[in-house]
Every structure is written in C-alpha cells, then in structure tokens.
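**Student:** One structure is given below, represented as structure tokens, and several questions about it will come after.
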Amino acid sequence: MRQLRDLLQQAQQNGQAIGHFNVSDFVLLKAVFTAARELNVPVVVGLSEGEREFVGTRQIAAFVRNLREQFDFPIFLNADHTHSLAKGIEAAEAGFDSIVFDLSSLPIEENMRQTKQAIEALKAINPSMLVEGEIGDIGSGSEIHDSSPDLSKGLSTPEEAKQFVEATGVDILAPAVGNMHGMLRSMVKGETKKHLDIQRISGIKKAARVFLTLHGASGTDDEDLRKAIGAGINIVHINTELRVAWRRGLETALAKQPDEIVPYKILPSVVNSVRDAVGPRLKLFSGTQLVQKV
Ligand SMILES: [Zn+2]
C-alpha cells in the first residue's frame, strides 16, 4: 500500500485533490468508505479532538487500518485540529497517517516555535506521519452559523506562508483563503455559496512549495473548488455537509419507520444519505474523467 505522501504527489501531478471527510461514528465512516470505493479514489477520514474523544483514538485507528488492509484500499486517517502536543502524540502512537497541528489562534511567532517542536516530537514516533500547520483565521466549529464572522483580517499572505514553512518544516500548510469552518443557514439551503481567493492560493503555493489543504470547504462553489485545486490545493476538507446529511438522513429514516428499533434496519439509509453527499465532492476533487485504478 502506498503512503499518503505518494498519493498526494500523484494527485498533484494529475491536477486532482484528495478529499478529507470528518467522521464521528460508524455510519459516517461507512458512508465515506463506500463513496470512495465506488469511485475508486483515495480518501482521508479525519477526526478532531472532540470526534476522537467520542470514537476512541486507538479504536478508530484499528478500524481504518483494518479497512485499508482487508480491502487493500487507500483510506488514510488524519488527526484533525489538534491543539496540544499531548493529543498529537496520542494520535501518532495510535498510527494516524497525518496530523493537523493547529496553533493558528496564537501569534505567528509562537505558532511557528511550537509547531516546529511538535514536528520533531511526532516524527520521532512515526517518521512517515505528515504534519500540517495552520495559519490565518478561518473561524471554528463545523456547524450551522447564523451570521458570517469577519475573517478578512485573518487571510494568509504568500510571505507569511513562506516564512511559516521555512521556519517549521511542515509537510502541509493550511492557509486562510476565503474558506471558513461551518456553513451559514443560507448555504445549507443552497441559496448562497462560499467563494475563494484563487489568486491568493496561487501566490501561496508558489511561495510555500508544499502541499496545501483547504479547510472548511462545505458550501463552497464548485467552480471555485476546481480553480482552487488547479491553483495548488491538494487536500479538501468537508465536514458540515456530511453532518447535515447525517442528521437529515436520520430524521427521514426515523420518520419513515416510527416503530422500528433495529439499528441495522434504520441506519443503512443514513449511510446512503451521507454517501450521496460525499460522492459528488469526491468526483469534483478528482476530476470527472477519473475512475482509474489507484
Ligand atoms: Zn478544519
């Protein structure tokens, strides 16, 4: 099985990105895995600190490893938004393939200092683990928001990106380029879309020369996502769209079968609801022509 780094490299050469989807239960994991297998594209599942606390850090690692081995399928595991080295070490020891070490709320000098230290500690545990650093402000909470936070001051610049990568040695960088965690109500209804600063992405890519992740991509305009991938985005994070599909799927399933109590009779339609949210995103990230063997 090839490593995540190799698949990112290949995707970059092909002008594609790899989809990253957050999971916090078996239904979401099954849905993401099913969608990726149907399209035969590599996929990353991610769990934030809160999601890991609920599922179990070692338990999800065992589960994903088992899927990868039994089905010989490129599914990878990311420790999303990790705010302390202790939590990072826990994920590295459990065998996660990558980690988002997120100290973006700190002043950049302190962010760089602590991220550099964390990389040394994490690579000592697993040299092939990819470490992602975060700069800029893209808000927090993959939830439905009533109003849009003002993130204009927190946009990343090419200079800052270059400085951060050179000072820390991160494998992957997550900049703020118009993206935002969570979705506005109007985005959930499909009335509005997020838009990205494509020129800023190009500038950051040229300056930073590492893999780039787009966080908070739920609700983003399709064409903007295509252009962002063309400009150098390698990993795209989707969480809120899945959570919306999960909840809607569950409500519909329960309403349709008011007397049903058997989980394995209720939950397959929730899996399908989430799979239907994942599939089109994976297609978009990998380009329509891609149904090739990975
Ligand atoms: Zn994120």
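The values are calculated or read from the model by the stated rules, or taken from the named source; none is laboratory data. Remember, it's a predicted structure, so these values are computed and weren't measured experimentally. Cβ placement follows ideal geometry from the backbone for every residue including glycine, while neighbour counts extend to all protein chains displayed. When the accessible area is computed, the model is the full protein with side chains, heavy atoms only, and any ligands, DNA or RNA have been set aside. Shrake-Rupley method; radii C 1.70, N 1.55, O 1.52, S 1.80 Å.
**Student:** How much area per residue is accessible in segment 136-236 when the probe is 1.4 Å and only protein heavy atoms are counted (Å²)? Intermediate values should be presented prior to the final figure.
**Tutor:** Working: 4390 Å² over 101 residues.
Per residue, segment 136-236 has an accessible area of 43 Å².
**Student:** Moving on. Roughly how tilted is helix 4-13, in degrees to the nearest 10 and between 0 and 90, from the longest Cα axis of the chain?
**Tutor:** That helix lies at roughly 80 degrees to the long axis.
**Student:** Only Cα pairs under 8 Å and at least 6 apart count here; give the relative contact order of the chain as a rounded whole percent. Kindly include the intermediate steps, with their values, before the conclusion.
**Tutor:** Numbers: 551 pairs, mean separation 64.4, N = 294.
Value for the chain: 22 percent.
**Student:** Any of K153/K205; K123/K206; K189/K227; K162/K205; K227/K283 with alpha carbons more than 18 Å apart? Name them for me. All intermediate terms of the calculation are to be shown ahead of the outcome.
**Tutor:** Details: K153/K205 20 Å; K123/K206 26 Å; K189/K227 24 Å; K162/K205 9 Å; K227/K283 15 Å.
K153/K205; K123/K206; K189/K227, as the Cα separations exceed 18 Å there.
**Student:** What lysines could a cross-link reach from K265, if we take a straight Cα to Cα line under 19 Å and drop same-chain neighbours fewer than 8 places away?
**Tutor:** K30, K256
**Student:** Same structure again: Under the rule of -39500 (n - 2.57) per DSSP H run of 4 or more residues, summed and divided by the residues of the chain, what mean residue ellipticity at 222 nm is obtained, to the nearest 500 deg cm²/dmol? Show your work: numbers first, answer last.
**Tutor:** Numbers: 13 runs with 149 residues, N = 294.
Only helices count here, giving -15500 deg cm²/dmol.
**Student:** So what does log10 I(q)/I(0) come out to for segment 173-238 at q = 0.14, 0.20, 0.22, 0.24 Å⁻¹, using the Debye formula with one equal point on every Cα and no solvent?
**Tutor:** One equal scatterer on each Cα of segment 173-238 leads to -0.36, -0.70, -0.82, -0.96.
**Student:** Above 28 Å lies some portion of the pair distances; for the chain, what is it as a whole percent of all C-alpha pairs?
**Tutor:** Working: 14258 of 43071 pairs.
Here the long-distance tail beyond 28 Å is 33 percent of all Cα pairs in the chain.
**Student:** Quick one: angle between helix 158-168 and the longest Cα principal axis of the chain, in degrees between 0 and 90, rounded to 10, please.
**Tutor:** So the helix axis and the longest Cα principal axis differ by about 90 degrees.
**Student:** Which ³J(HN,Hα) values, rounded to whole Hz and listed in residue order, are derived for segment 178-184 from phi using the Karplus coefficients 6.51, -1.76 and 1.60 in 6.51 cos²θ - 1.76 cosθ + 1.60 with θ = phi - 60°, glycine and proline given as x?
**Tutor:** Computed from phi, the couplings for segment 178-184 are x, 7, 7, 5, x, 9, 6 Hz.
**Student:** Turning to a different aspect of this structure: Please list, in order along segment 189-203, the HN-Hα scalar couplings obtained from phi with the Karplus expression 6.51 cos²θ - 1.76 cosθ + 1.60 (θ = phi - 60°), rounded to whole Hz, x for Gly and Pro.
**Tutor:** Whole-Hz 3J(HN,Hα) from phi for segment 189-203: 6, x, 7, 10, 10, 7, 10, 10, 8, 5, 4, 5, 4, 4, x.
**Student:** Can you tally the net charge around H237? Count Lys and Arg as +1, Asp and Glu as -1, for every other residue whose Cβ sits under 11 Å from the Cβ of H237.
**Tutor:** Details: positive: R281; negative: D80, E132, E241.
In short, -2.
**Student:** Using the basic label-point model (7 angstrom from Cα toward the beta carbon), what is the E166 to D259 distance in nanometres?
**Tutor:** 7.2
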